[in-house]
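What follows is one structure encoded as structure tokens, with my remarks underneath.
The values are calculated or read from the model by the stated rules, or taken from the named source; none is laboratory data. Just so it is clear, the model here is predicted, and its values are computed rather than measured. Cβ sites come from the backbone with ideal geometry, for glycine too, and all protein chains shown count toward neighbours. All accessible areas refer to the heavy atoms of the entire protein, side chains included, with ligands and DNA or RNA removed. Shrake-Rupley method; radii C 1.70, N 1.55, O 1.52, S 1.80 Å.
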Amino acid sequence: MSVQPKVVVKTHLPTQPFPLNAERKPIRTERLIIRPFSEDDLDGMYALRTQPEVMKYTAVGRIDANREETQAFMARFMPPEDVRTYNNIITLASTGEIIGVGGGVSRPESVFGWPEIGYLFKKEYWGQGYATEFLKAWLNDWWTLPRSEVEAQVDVQSVDGAGEVPEMITAFIEESNVGSRRVLEKAGFREFKQWNEPDARDGYERDVTLVGFVLSSADIKN
Ligand SMILES: CC(C)(COP(=O)(O)OP(=O)(O)OC[C@H]1O[C@@H](n2cnc3c(N)ncnc32)[C@H](O)[C@@H]1OP(=O)(O)O)[C@@H](O)C(=O)NCCC(=O)NCCS
């Protein structure tokens with residue numbers, strides 16, 4: 001992923017470290033339970049992460065080769081790493097089946113310097129409103145986390161100048177990912193930039209157009 005030009009701002013962000021997984025309450029929506037990762041989720045996560053149609057939209061761009069790879073992915077969101085991330089398993093409330101994964105990563109790993117949201121759903125559950133239901137509920141939870149004042153290096157196009165700015169949350173998509181664009185727009189995100197770069201993933205010999213989205217805490221409170 002190419003480095004995007006940054007500017008230093010004063011803002012607020014969720015207080016680090018994040019609450020431990022053990023302290024996080026599951027989020028309940030009409031049809032979903034959104035909850036922290038646990039060791040028992042390996043089979044369900046492996047089923048999700050071996051669907052090529054889903055994995056082509058991830059940073060690796062391919063299915064997991066084996067359960068060990070899935071386990072390594074999950075370890076990024078479980079103790080002791082839980083305090084650095086805010087990512088969740090998404091299950092159907094009616095059956096407990098894992099149908100997706102979604103949540104956030106924070107600076108400095110994110111492309112724009114702001115916390116960044118991502119999500120994936122099993123293909124048989126696409127087009128039924130689950131991503132929209134997840135994202136709205138997850139964001140409601142996100143904005144309730146304790147905040148700290150911070151100085152941050154953020155994407156210059158994500159803010160109006162330097163100085164003190166409202167807190168943002170960001171996302172990026174491939175331009176062709178119409179479904180994900182709709183999900184973000186329905187949750188209030190707005191496009192703030194597009195750029196082209198070589199797709200650096202193994203086996204992807206092409207240029208890709210990426211689109212950055214931002215949602216400001218100022219828009220939530222107004
Ligand atoms: C993108 C993705 C998360 C969408 O999930 P979903 O549960 O199908 O989304 P929703 O049902 O909540 O759809 C939200 C809106 O997008 C539209 N939409 C969803 N998929 C679409 C598609 N492929 N083409 C056009 N519109 C689409 C829906 O019609 C809906 O719009 P509407 O309310 O105006 O009718 C899901 O397809 C997925 O997991 N894809 C693979 C991984 C991925 O792309 N993740 C995002 C990476 S940035």
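Here are the numbers:
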{"read-out": "Net charge of Cβ neighbours under 12 Å - reference PRO17; Lys, Arg +1; Asp, Glu -1", "value": "-2"}
{"read-out": "Karplus (6.51, -1.76, 1.60) ³J(HN,Hα), θ = phi - 60°, over segment 159-174, in Hz, Gly and Pro reported as x", "value": "10, 8, x, 9, x, 8, 9, x, 5, 10, 10, 10, 7, 9, 9, 6"}
{"read-out": "Under-5 Å amide H pairs with PHE192, H placed in peptide plane, nonlocal only", "value": "GLY212, PHE213, VAL214"}
{"read-out": "Taking segment 6-159 and dividing mean pair separation by its residue count, relative contact order in percent (alpha carbons under 8 Å, at least six apart)", "value": "34 percent"}
{"read-out": "Using θ = phi - 60° and Karplus 6.51 cos²θ - 1.76 cosθ + 1.60, couplings along segment 179-190 (whole Hz; Gly, Pro as x)", "value": "x, 5, 4, 5, 4, 5, 5, 5, 8, x, 5, 10"}
{"read-out": "Sum of -39500 (n - 2.57) over DSSP H runs of 4+, divided by residues of the chain (222 nm, nearest 500)", "value": "-5500 deg cm²/dmol"}
{"read-out": "Of VAL159, VAL60, VAL83, the one that fluctuates the most in a GNM where the chain has Cα springs shorter than 10 Å", "value": "VAL60"}
{"read-out": "Options SER217, VAL154, THR58, ranked by Cα towards positive dipole end of the chain, top entry (Cβ charges)", "value": "SER217"}
{"read-out": "Interchain or long-range residues, amide H under 5 Å from VAL208's placed H", "value": "GLU197, ASP199"}
{"read-out": "LEU13 long-range amide H proximity, modeled H, under 5 Å", "value": "SER148, VAL150"}
{"read-out": "ARG67-ARG201 FRET efficiency (beta carbon distance; Förster radius 25 Å; 0.05 resolution)", "value": "0.70"}
{"read-out": "Per residue accessible area in Å² of the chain, where ligands, DNA and RNA are left out and the probe is 1.4 Å", "value": "50 Å²"}
{"read-out": "Accessible surface of segment 1-142 [probe 1.4 Å, protein heavy atoms]: carbon and sulfur percent", "value": "56 percent"}
{"read-out": "Hz values of 3J(HN,Hα) by residue in segment 40-55 - Karplus curve (6.51, -1.76, 1.60), Gly and Pro given as x", "value": "5, 8, 4, 4, x, 6, 5, 4, 5, 7, 10, 9, x, 4, 7, 6"}
{"read-out": "Counted charge near PRO198, where neighbours are those whose Cβ lies closer than 9 Å (Asp, Glu -1; Lys, Arg +1)", "value": "-3"}
{"read-out": "Global geometry of segment 1-118, whether rounded, prolate or oblate, following the gyration tensor of its Cα atoms and the 1.5 cut on a/c", "value": "oblate"}
